[in-house]
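Colleague: Once you've had a glance at the structure underneath, I'll fire off some questions.
The values are calculated or read from the model by the stated rules, or taken from the named source; none is laboratory data. Source: prediction; values computed, not measured. Here Cβ is always computed from backbone atoms with ideal geometry, including for glycine, and neighbour counts include all displayed protein chains. Surface areas here come from the heavy atoms of the whole protein model, side chains and all, with no ligands, DNA or RNA. Shrake-Rupley method; radii C 1.70, N 1.55, O 1.52, S 1.80 Å.
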Amino acid sequence: MTHFLSRRLFLGGALSFLGAGAQAAAPEISLRPQLRPAGLTGGAAGPHVRDAQDLIDAARLSGRVGYAVIDMASGATLEARNGTAGFPPASVTKTITALYALDTLGPEYRFRTRLVATGPVRDSIIQGDLILAGGGDPVLDTDALADMASRLKAAGVRGVTGQFGVFGGALPFEPVIDAAQPDQVGYNPALSGLSLNFNRVHFGWERGSGDYRVTMDARSARFQPQVQVARMSIADRSAPLFTYSNGGDHDQWTVARAALGASGARWLPVRHPDSYAGEVFASLARAEGITLPQARMQSTAPSGETLVTHASNPLADILKGMLKYSNNLTAELVGMTATAARMGRVDSLAASAREMTAWARADLGLAGAVLVDHSGLGSASRISPRAMARVLVLPRRQAALRPLLKSFSMHGPDGKPNDSHAITVDAKTGTLHFVSALAGYATGPSGRPLVFAIFAHDADSRIGLEMSEDDRPPGAASWNRRAKTLQQALIERWDAAYGA
């Protein structure tokens, strides 16, 4: 089946049940704090603390805003609005996934990718098959495969008498993370137990004297082997921007000539991840003088002698990168690996998300949470601000998570990031069209640490996004900018009101 795409929206879901109107619900706790004596450090004096409702009004956000702020020392909720209402958490979900993985696998867990021989090596030839077996590594890249090929050569292997197989069945195959996304967005790739370069392929183009030169490659820091598992054709049209079809053993793309310009590049998702990794490894092996036949997919785990093993960095390092760059594939593979370890197997992404939801409710006290994936890409997930903030204040969870969070840049009066801002914030952001989330830790000059979660969601503006032909819905960018401005204003208010 061929899917014709233009500039459709990235996200979909008619979530009208959340209602509209940023001022629709009364706060659970007074938004007007006790006045503070003038001269206290940590913010403005009490009479100059802006009311939260004024800040929300100034943001001009359609939809609904919810938040909760907690004193980290006492665990007391200082202020909340729509605190028990469910909001889409977007990528704030990744904080739950990180805790789930750490709790299940441990911070030192390493993913392993293996080269397995089904027979002995005689005269530099494997007497049988060679299998590239994935272990769910979310950060495996072309450079790592190149190192494995070099080590296979060092082990004395120059060829095989049998097949070259690839096995990705350590985790279930999923063609996409979220079916509501356009086919061409690189943050929504296929999932498998054998994934390479975040299951993205590099599409480049350059106009020459005659026509465009197009490349599709699996580039990394040191290598950029060309691939056939993803193919691109230029079509004489102005729209749609891309079309995608499943070629059976490859991804077939077309792109509108009118959209290309002189030159450029972008990452496209890979829908045949096992084949992708197999093709790239065979190419790298040839460069080492190792002759392998075309990769063949296999559904059963290999048995035999492991000749080469590539171990990932420790899980804690991978999670820190996941939270910093908000990589969706990493979150999904880490989450499914944790479920497989807990349950002995994992049947699907949806089943894994349900298991993580049950764990979060039971172990984190995340009351009412519903998680449809591990990354937050699916807009049907729900977490309340109060429940999210309470998770972050738990001492053991705070000790595990806070070192992994990146610093959130507060801005100065000129709107630019201000590294010398008086308030330091470690947090995770989350953004979808007309969805904005921020949850983490804030400390002002007084040194009083606060824990917070801020969610905003305009359900009405998201209606029909799946059917739209525009991947930049009118008003979405400005709405999200205003939501982020409100987040900082609220954090500054809380420091001024409660930082003493």
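Colleague: Which of the strands (runs of 3 or more DSSP E) found entirely inside region 190-252 contain at least 3 residues meeting this: among the small types (Gly, Ala, Ser) and within 27 Å of ALA331 (Cα to Cα)?
Modeller: Numbers: elements: 200-207, 212-217, 230-235, 242-246.
Result: empty, no element qualifies.
Colleague: For region 312-326, check the following and say yes or no: at least one residue is among the aliphatic types (A, V, I, L, M), surrounded by 21 or more Cβ atoms within 10 Å (Cβ to Cβ) and more than 16 Å from the chain's Cα centre (by Cα). Give the derivation first.
Modeller: Taking region 312-326 as the starting set, the residues that turn out to be among the aliphatic types (A, V, I, L, M) are 315-316, 318-319, 322-323.
Next cut, surrounded by 21 or more Cβ atoms within 10 Å (Cβ to Cβ) only: 315, 318-319, 322-323.
Remaining after also requiring more than 16 Å from the chain's Cα centre (by Cα): none.
No: region 312-326 contains no residue that is among the aliphatic types (A, V, I, L, M), surrounded by 21 or more Cβ atoms within 10 Å (Cβ to Cβ) and more than 16 Å from the chain's Cα centre (by Cα).
Colleague: Check off (1) in a helix (DSSP H, G or I); (2) more than 25 Å from ARG361 (Cβ to Cβ); (3) among the aliphatic types (A, V, I, L, M) for ILE131 and give me the number that stays unchecked.
Modeller: Only one criterion in (1) in a helix (DSSP H, G or I); (2) more than 25 Å from ARG361 (Cβ to Cβ); (3) among the aliphatic types (A, V, I, L, M) is unmet by ILE131, namely (1).
Colleague: Is it the case that region 317-326 has a residue that's within 19 Å of ILE131 (Cβ to Cβ) and of a type in the set (Phe, Trp, Tyr)?
Modeller: Here is the first cut: in region 317-326, the residues within 19 Å of ILE131 (Cβ to Cβ) are none.
No, region 317-326 contains no residue that is within 19 Å of ILE131 (Cβ to Cβ) and of a type in the set (Phe, Trp, Tyr).
Colleague: Pairs, please: C-beta under 7 Å, at least 6 apart or cross-chain, first residue open to solvent by 50 Å² or more (accessible area, probe 1.4 Å) and in region 342-355, second assigned to a helix (DSSP H, G or I)?
Modeller: ARG342/THR104; ARG342/GLU355; MET343/GLU355
Each row is one residue, and each column tells you yes or no for (1) hydroxyl-bearing (Ser, Thr, Tyr); (2) open to solvent by 10 Å² or more (accessible area, probe 1.4 Å); (3) under 21 Å from the mean Cα position of the chain (by Cα).
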position	(1), (2), (3)
ASP419	no, yes, no
HIS433	no, yes, yes
ILE454	no, no, yes
ASP460	no, yes, no
ILE463	no, yes, no
PRO474	no, yes, no
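Colleague: Could you identify the single residue in GLU305, GLU332 that is open to solvent by 30 Å² or more (accessible area, probe 1.4 Å) and among the acidic types (Asp, Glu)?
Modeller: When all the criteria are applied, what remains is GLU305.
Colleague: Just a yes or no: is a residue in region 275-296 crowded, with 16+ Cβ neighbours inside 10 Å, within 28 Å of the chain's Cα centre (by Cα), assigned to a strand (DSSP E or B) and not acidic (Asp, Glu)?
Modeller: No: zero hits.
Colleague: Which residues, counting only those in region 358-380, are surrounded by fewer than 20 Cβ atoms within 10 Å (Cβ to Cβ), within 18 Å of the chain's Cα centre (by Cα) and either among the polar types (S, T, N, Q) or not in a loop (DSSP other than H, G, I, E, B) (or both)?
Modeller: Result: VAL370, single match.
Colleague: Still on this structure: Do we have ALA437 as in contact with a Gly (Cβ under 7 Å, 6 or more places away or on another chain), modelled with pLDDT of 95 or more and either loosely packed, with under 15 Cβ neighbours inside 10 Å or closer than 22 Å to THR330 by Cα (or both) here?
Modeller: Values: in contact with a Gly (Cβ under 7 Å, 6 or more places away or on another chain): yes; modelled with pLDDT of 95 or more: yes; either loosely packed, with under 15 Cβ neighbours inside 10 Å or closer than 22 Å to THR330 by Cα (or both): yes.
Against the criterion (in contact with a Gly (Cβ under 7 Å, 6 or more places away or on another chain), modelled with pLDDT of 95 or more and either loosely packed, with under 15 Cβ neighbours inside 10 Å or closer than 22 Å to THR330 by Cα (or both)), ALA437 qualifies.
Colleague: Same structure again: What's the total number of residues in region 115-143 that are within 30 Å of ALA316 (Cβ to Cβ) and buried (at least 18 other Cβ atoms within 10 Å of the Cβ)?
Modeller: So in region 115-143, the residues within 30 Å of ALA316 (Cβ to Cβ) come out as 115-116, 131-143.
Add one more test, that the residue is buried (at least 18 other Cβ atoms within 10 Å of the Cβ), and what stays is 115-116, 131-142.
Final tally of qualifying residues: 14.
Colleague: Go through (1) acidic (Asp, Glu); (2) free of Cβ contacts under 8 Å to residues at least 60 places away in the same chain; (3) touching a strand residue (DSSP E or B) at 6+ places or on another chain (Cβ under 7 Å) for ASP236 and report which single condition fails.
Modeller: Here ASP236 clears every test but (3).
Colleague: Can you tell me which residue among ALA400, ALA427 is aliphatic (A, V, I, L, M), at pLDDT 95 or above and in contact with a Gly (Cβ under 6 Å, 6 or more places away or on another chain)? Reasoning before the result, please.
Modeller: Numbers: ALA400 fails: in contact with a Gly (Cβ under 6 Å, 6 or more places away or on another chain).
None of the other options fit; the residue is ALA427.
Colleague: Regarding region 259-268, can at least one residue be identified that is closer than 17 Å to GLY169 by Cβ, outside any loop (DSSP other than H, G, I, E, B) and not small (Gly, Ala, Ser)? Steps first, please.
Modeller: Initial filter on region 259-268 (closer than 17 Å to GLY169 by Cβ): none.
No, region 259-268 contains no residue that is closer than 17 Å to GLY169 by Cβ, outside any loop (DSSP other than H, G, I, E, B) and not small (Gly, Ala, Ser).
Colleague: Condition check: at pLDDT 95 or above, within 29 Å of SER62 (Cα to Cα) and of a type in the set (S, T, N, Q). Does SER375 satisfy that? Steps first, answer last, please.
Modeller: Values: at pLDDT 95 or above: yes; within 29 Å of SER62 (Cα to Cα): yes; of a type in the set (S, T, N, Q): yes.
So SER375 fits the description; yes.
Colleague: The conditions are (1) buried (at least 23 other Cβ atoms within 10 Å of the Cβ); (2) part of a loop (DSSP other than H, G, I, E, B), and ALA101 fails exactly one of them. Which is it?
Modeller: With (1) buried (at least 23 other Cβ atoms within 10 Å of the Cβ); (2) part of a loop (DSSP other than H, G, I, E, B) applied to ALA101, the lone miss is (2).
Colleague: Among the residues of region 233-241, is there at least one that is open to solvent by less than 20 Å² (accessible area, probe 1.4 Å), touching a helix residue (DSSP H, G or I) at 6+ places or on another chain (Cβ under 7 Å) and farther than 19 Å from GLY186 by Cβ? Give the derivation first.
Modeller: Narrowing region 233-241 to residues open to solvent by less than 20 Å² (accessible area, probe 1.4 Å): none.
The answer is no; no qualifying residue exists.
Let's see how each residue does on (1) on the phi < 0 side of the Ramachandran plot; (2) modelled with pLDDT under 95; (3) crowded, with 20+ Cβ neighbours inside 10 Å:
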residue	(1), (2), (3)
ASP57	yes, no, no
GLY63	no, no, yes
GLY66	yes, no, yes
ASP71	yes, no, no
ALA76	yes, no, no
ARG81	yes, no, yes
PHE87	yes, no, yes
SER91	yes, no, yes
THR95	yes, no, yes
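Colleague: Would you be able to tell me the number of residues in region 102-125 that are farther than 21 Å from LEU307 by Cα and among the charged types (D, E, K, R)?
Modeller: The number of residues fulfilling the criteria is 2.
Colleague: Being surrounded by fewer than 17 Cβ atoms within 10 Å (Cβ to Cβ) and either touching a helix residue (DSSP H, G or I) at 6+ places or on another chain (Cβ under 6 Å) or modelled with pLDDT of 95 or more (or both) is the filter here; which residues of region 258-274 pass it?
Modeller: Hits for region 258-274 are SER263, GLY264, ALA265, ARG266.
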